[in-house]
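First up is the structure itself, then whatever we jot down about it.
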Amino acid sequence: MSVRTPRHAASHRRPSRWARGAGLAALSVALFGTSTFAIAYNDIQTNIDRHDIDDLLGDRPTQAGQEEPAPLDPSAGKPINILVLGSDTRAGDVNDEYGTTPEAGQRSDTTMIAHISADRERVEIVSIPRDSLVTIPACRMADGSWTEPQYETMFNRAFSTGADGGDLGTAAACTIGAVEELTDVYIDDFVVVDFAGFINVIDALGGVPMCIPEAISDPKAKLDLEAGEQVLDGRDALGFARARYTLGDGSDIARIGRQQELVGAIAREALSKNLLTDLPKLYRFLDAATSTLTTGTELGSIPTMAGLAYSLRGINLENIVFETMPFEWAGNRVRPAAEAEELWEALRTDEPIEGALNATGEEPTEEPSDDGTDAPEEPTTEEPPVVADPEPICP
């Protein structure tokens, strides 16, 4: 693959659903206009580390129905795709408590495409396994040089390649290039969250209630949980998201499923908090949640967050859907399966996906078919054996 020539695009980055609460701070500033709110607005805005990566991106896919990506307008009825990246950097306070040294570099152990529908009634979150064998196109580095394309290589090397050649902006740009090469889905913007940032978000929410089906003891993830209903604080939630070797089959694929369950629980908790009418609580949450956030220039703009947040205010939890890229095993790695193209096409054309899980914590229900195949079986006269129900772990 040839090196992509850089193209300076017009600014058309768009924001993420998880920034919903943050945007409402700007709404408060506009409504009340007092010096207190102006100071809060400025504090929150300066928390966010924003990167303009337009010059680092070459040829891009086009948006659905657009010859060129439309300028950012959260209320204009356009679909939005946000790349959410979890960095495993050990540099900095809190991060340095989790394993290797800062010199070991950083990778994106978690990558999700968050697709927000044009009508703002759906959010579809698609995980890309870190161990997927993909093509990573040439990446432009901070000094203007270009890396060589990489073929049949692990997906999370895109992030580490970009980070080695610059900063989180180049890391995000290189990963966006790999995602767009894989999916042909235009990525509007990105957000990078490290360990400390993840802990901050959970603690700012006051913890996240979750059902833990079995006791977990995972020293590598610094996690020790009893079975049952739990309210996870930031560190326990991080451990749950990272736990791998002592759960299930120990694979990254199994861990993705648990991460999706956790994100669904976060969505439930965030939507249950009445932050709009409790402005001190809102500010405390935003001040903590944005303190270690890295984004693109548009997603990191408080007014941009506000517009999108307001348009998503009525979203139904059943319409926040999670799915993982269809894949085939390749030894201890995976490759995208042919079925993945159907998923990417749905994102490109803003069509709903079924998904494996939604934010209610349940599998999405299927409509009965018209051919009668889902019709109930005829009842039998034979009485079924009585089997005692097991005691539920969580109510």
Report task. Take TYR245, project a point 7 Å from its Cα along the Cβ direction, then tell me which residues of the range 197-237 have their backbone nitrogen under 17 Å from it. Result -> 216-225
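Could you order peptides 194-202, 254-262 by the average number of other Cβ atoms within 10 Å of their residues, highest first? Working shown, then result.
Values: 194-202: 23.2, 254-262: 19.4.
In descending order of packing, they fall as 194-202, 254-262.
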Report task. Rank-order 320-326, 134-140, 265-271 by packing density, defined as the average count of other C-beta atoms within 10 Å over each peptide's residues, highest first. Result -> 134-140, 320-326, 265-271
Query - Rounded Å value of the spacing that divides the Cα centres of the range 307-345 and the range 103-168 - result: 16 Å
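Just so you know, all these numbers are worked out from the coordinates, no wet-lab data involved. Keep in mind the model is a prediction, meaning the values are calculated, not measured. Glycine gets a Cβ as well: all are built from the backbone with ideal geometry, and neighbour counts include every protein chain shown.
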